[in-house]
Each structure stands twice: as C-alpha cells, then as structure tokens.
Amino acid sequence: MNVLEAKQLTKIYGDVESENATKALAGVDFKVEEGEFVAIMGPSGSGKSTLVSILSGITEPTTGSVVIKGKRIDQMNRFDMALFRRRSLGFVFQEFNLLDSLTIKENIILPMVLDKKDGSAMDQKAAEVMKLFEIDHIGDKYPYEISGGQQQRAAVCRSLVNDPVMVFADEPTGNLDSKSANAVMNCFKKMNDEKNTTILMVTHDVFAASFCKKVIFIKDGKICLEVASNGTRKEFFHRILDCQAVVGGENNDL
Ligand SMILES: Nc1ncnc2c1ncn2[C@@H]1O[C@H](COP(=O)(O)OP(=O)(O)OP(=O)(O)O)[C@@H](O)[C@H]1O
Ligand SMILES: [Mg+2]
C-alpha cells in the first residue's frame, strides 16, 4: 500500500517569468510504500531538500499533487497542515532542533504536550522510545549536556512519539562523526525493522544510505536512477558508490 504518492511535482523559486527564477524540481513522480526505508541522494543543488520539504508539507509545490494516506496535503490550509504534520508525520533535521530550555525527556514528549495528551500516556511512550534507542539514562539532562549523537537519537525519539505514518529526515547524520552517525542510522534501521515505520531520508553519505532498502538519485530536479538493496549492507554500499559515480556525486561538484 502507498503511504505517499506525488505526481508531476515542479517547483520554481522566485518569479516564474523572471530570469532569476530557479527551477528546483522539473516534474517528479514519487511513491513510497508502507514500511519502506528510502534514501534520496544527488549532487548539491539537485533539489533533494526541496523535494522532501514539498512531500512533507513544509513547502508548496508550483504544480503537482502530494497525497499522504489518502489526503491531498498540497491543498490543505496552513492550520490543517500544521496539525497534520504534528499528529501524523515525524521529522529529523541535520541540526537536531532540540530546545535548550527543556530536558531530553521534555523535548521528546513535546509533540504530545502540544496535543494535550494524557500525562501517564506521555510518560509511557517516552520511556518506550528512549529505551529502544538507549538514551533512557539521560532523560533528565539538557541538550547542551549530552553529545551530538545522543541529541540526534533524542530527535529520532521525538519524531516517533506520535506514531507517525511516515518519518522525514534531511541529512540526519550531516553534523555527526562516523561513530555517532552509525548509532543514529542503527536507530532508523531499528524503527523500520521493529516498528515498520516508513522513512524517507535525504543524505550525502553513502554509508548512511547503505542502511536503507532503496536509494533514489536525483539530478537537475529529476529522478534519474533507483537502486534497491538485495544483499548485505557492504554490497549495497558499493553499488550506491557505483551509482553515485554515474550520477555525479559531491566530488564532481567541487
Ligand atoms: N528558498 C529558496 N529560494 C530560492 N532558491 C532556492 C531556495 N531553496 C533552494 N533553492 C534553489 O533550488 C535548487 C535546489 O535546492 P535544494 O536545497 O533543494 O538542493 P539540495 O539537493 O538539497 O542541495 P544540498 O545537497 O546542497 O542540500 C538550488 O538551485 C537552490 O539554490
Ligand atoms: Mg539539501
């Protein structure tokens, strides 16, 4: 079953008529099935973040449609969209986006607090996800008291507390060293394996992408290649590297 289906997405930043207009997406059709774990890769400026922010209702497309669980999110008003995002979607960003004035546990339950959920239900849910991702011992600490990897695992917990239909992540390992990146990617894999959470992630990092089940390459605002994992992570890692060489990865960009 498709959780998400987008058709003929285009995005032009700036005045369409003007010479300065940037065509960030040039006609993208995109489907995500329930339980998928997909990475989007491609050179810098190819439209990855634009695509994810349109698919998750943060940015409006210039043309095209996005349906999540049967709802046309591109046609929702801002209020309904904000509510839908908070109740039904999970987000993990490169910068962690935790609030420094709240403890880790308070940060994690924030989406539930905003939804006025029952206190013991919040405690139970927070305890469950923190245990799953092995940060239950630091629930009372503040973000500035823990490592970047721990902060990102807390952000992963926060993305899960509302039992989202789908989690979106843009460069979730971009600010992490390789050991922390490994721990965070294991969390994503665990949430996909054990909770069947559908995940869509943007990454530059072949190592991070190798945890996924499928990688979609985008170039000049269009999907140009797709590879699926069918063996070990190591084997997939090498296949993604080969594809990146064909598509033109980061290094070709420098
Ligand atoms: N808010 C904006 N206003 C104008 N142009 C933008 C805006 N956001 C992105 N662009 C342009 O749209 C194109 C696609 O940008 P996008 O951020 O989606 O790329 P990306 O693939 O995520 O790149 P990166 O790997 O560097 O994060 C680029 O040419 C970019 O300069
Ligand atoms: Mg980006």
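Bear in mind that the values in this text are calculations on the coordinates, not laboratory data. The structure presented is a predicted model; accordingly, all values stated were derived computationally and were not measured. Note that each Cβ is placed from the backbone with ideal geometry, even for glycine, and that neighbours are counted across all protein chains shown.
Could you please report the charge total around Lys11, scoring K, R as +1 and D, E as -1 over all other residues with beta-carbon less than 10 angstrom from its beta-carbon? Within the 10 Å Cβ shell, the charges total 0. Would the range 3-59 count as rounded, prolate or oblate if I go by the C-alpha gyration tensor, calling it rounded below 1.5 in a/c and otherwise prolate when a/b exceeds b/c, oblate otherwise? It is prolate, given that a/c is not under 1.5 and a/b is the larger ratio.
Judged by the ratio a/c of the largest to the smallest principal axis of the C-alpha gyration tensor, the range 1-100 counts as rounded, that ratio being less than 1.5. The GluC sites (Glu not before Pro) of the range 1-70 meeting both criteria, a DSSP state outside H, G, I, E and B (loop) and at most 12 other C-beta atoms within 10 angstrom of the site's C-beta, are Glu17, Glu19. Calculate how steeply helix 104-114 sits against the longest principal axis of the alpha-carbon atoms of the chain, using the helix alpha-carbon long axis, and give the answer as 0 to 90 degrees to the nearest 10. Once rounded, the angle reads 70 degrees. Working from label points 7 Å from Cα in the Cα-to-Cβ sense, the Ser18 to Ala127 distance is 5.5 nm.
Taking 7 Å steps out from each Cα toward its Cβ at Phe207 and Arg72 produces label points 4.5 nm apart. Can you tell me how the range 74-215 classifies by the Cα gyration tensor, rounded, prolate or oblate, using a/c under 1.5 as the rounded cut? Oblate, because a/c is 1.5 or more while a/b does not exceed b/c. Residues whose amide H comes within less than 5 Å of that of Val167, counting only those at least five positions distant or on another chain, are Gly90, Thr198, Ile199, Leu200 (H built at 1.01 Å from N in the peptide plane). Residue-wise HN-Hα couplings along the range 116-123, as the Karplus relation 6.51 cos²θ - 1.76 cosθ + 1.60 with θ = phi - 60° gives them from phi, are 6, 6, 5, x, 6, 5, 5, 4 Hz; Gly and Pro carry x. 3J(HN,Hα) along the range 156-163, derived from phi through the Karplus expression 6.51 cos²θ - 1.76 cosθ + 1.60 where θ = phi - 60°, amounts to 5, 4, 4, 5, 9, 5, 8, 6 Hz, with x in place of Gly and Pro. All other residues with a Cβ under 11 Å from the Cβ of Gly221 taken together, and with Lys, Arg as +1 and Asp, Glu as -1, what is their net charge? Neighbourhood net charge equals +4.
Measuring max minus min along each principal axis, the C-alpha atoms of the chain give extents of 52, 44, 35 Å (largest first).
Once the dipole of the range 100-197 is set up with Lys and Arg at +1 and Asp and Glu at -1 on Cβ about the Cα centre, which of Asn182, Val161, Asn192 lies farthest towards its positive end? The Cα lying farthest towards the positive end belongs to Asn192. Highest GNM mean-square fluctuation among Leu114, Leu51, Leu99, for the chain modelled with Cα contacts below 10 Å: Leu114.
Summing Cβ point charges (Lys, Arg +1; Asp, Glu -1) relative to the Cα centre of the chain gives a dipole of roughly 520 debye. Restricting the trypsin sites (Lys or Arg not before Pro) of the range 64-127 to loop positions (DSSP other than H, G, I, E, B) with no more than 13 neighbouring Cβ atoms within 10 Å leaves Lys116. Dividing the summed -39500 (n - 2.57) terms of all DSSP H runs of n ≥ 4 by the residue count of the chain sets its mean residue ellipticity at 222 nm at -11500 deg cm²/dmol. Phi angles of the range 78-83 translate, via the Karplus equation with coefficients 6.51, -1.76, 1.60 and θ = phi - 60°, into HN-Hα couplings of 4, 5, 4, 5, 4, 5 Hz per residue; Gly and Pro are given as x.
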